[in-house]
Amino acid sequence: MRIAIAAAMVIFLCSPAAAAAPTTQIDHIILGISDLDQGMASFEQLTGVRPVYGGKHPGGTHNALVSLGDGLYVELIAIQGDAATPPGSLAGLKTLRTLTPIGWAVSSTNAADIRKRMDSAGFPLTEPSGGSRATPAGATLSWQSLELQKKFDEAPFFIVWGAQSPHPSTTSPTGCKLQQWRIAGPNRAALEQLRRTLDLPIDIAETAASAFRLSLACPKGSVTFESTPASR
């Protein structure tokens, strides 16, 4: 009887369905800057790690990337040259003279699953929308993104990478690790519920206005990037 139970457990743990169970985690943290070359140079000077140029987005921005390992990376983002100012949360990029945390993303391996989980927790998500980026090598990375139907400044967006798109954490320079991702703002209760729902390693504080703080352990030591209400 014990042998039969053990065998059944092995079959379950090794089955494709069990191995492919959807997971969620922090995917990337975004540092905004008015000029990408300046941001790349500044990041290297502060950390000892040189970001790699990632490519251009159709919406007029471009980025550079640094891996933090374990499916997590930092994205430096700026507007491409004389491109038109993008709408929404990226509209303030041209005013940022230093690398400033402006947002974050949570990844899932399954769009339907993350929508179901968030809906059950009282956080209904939008329908997935497609996104893409052309790499310097000529390849195209693709993903689906989702947002809270009732957005607030401190909230993440959600991303599901295309099956054929290598995750940026596996193709970007290494050397830094996440020490702390701190989110402050007036929506602490909602953030606490989101953290519990997805079991995310984030620190939360309640303040009158939203602000982010990213701390990394890098070859040159601990480095912190902070936003202020004015920069957001």
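Okay, residues lined up against (1) free of Cβ contacts under 8 Å to residues at least 60 places away in the same chain; (2) farther than 24 Å from Gly39 by Cβ; (3) among the hydroxyl-bearing types (Ser, Thr, Tyr):
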position	(1), (2), (3)
Phe152	yes, yes, no
Pro173	no, no, no
Cys176	no, no, no
Gln193	no, yes, no
Ala211	yes, no, no
Ala217	yes, no, no
Ser227	no, no, yes
Original post:
Is there a residue being free of Cβ contacts under 8 Å to residues at least 40 places away in the same chain and crowded, with 18+ Cβ neighbours inside 10 Å anywhere in the range 39-52?
Top reply: yes
Original post:
Quick one: would you say Asp153 is within 26 Å of Arg182 (Cα to Cα) and among the acidic types (Asp, Glu)?
Top reply: yes
Original post:
Would you call Asp27 of a type in the set (D, E, K, R), at pLDDT below 95 and surrounded by 14 or more Cβ atoms within 10 Å (Cβ to Cβ)?
Top reply: no
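The values are calculated or read from the model by the stated rules, or taken from the named source; none is laboratory data. A quick note: this is a predicted structure, and the numbers were derived from the prediction, not measured. Using ideal geometry, Cβ is built from the backbone for each residue, glycine included, and neighbour counts are taken over all protein chains shown.
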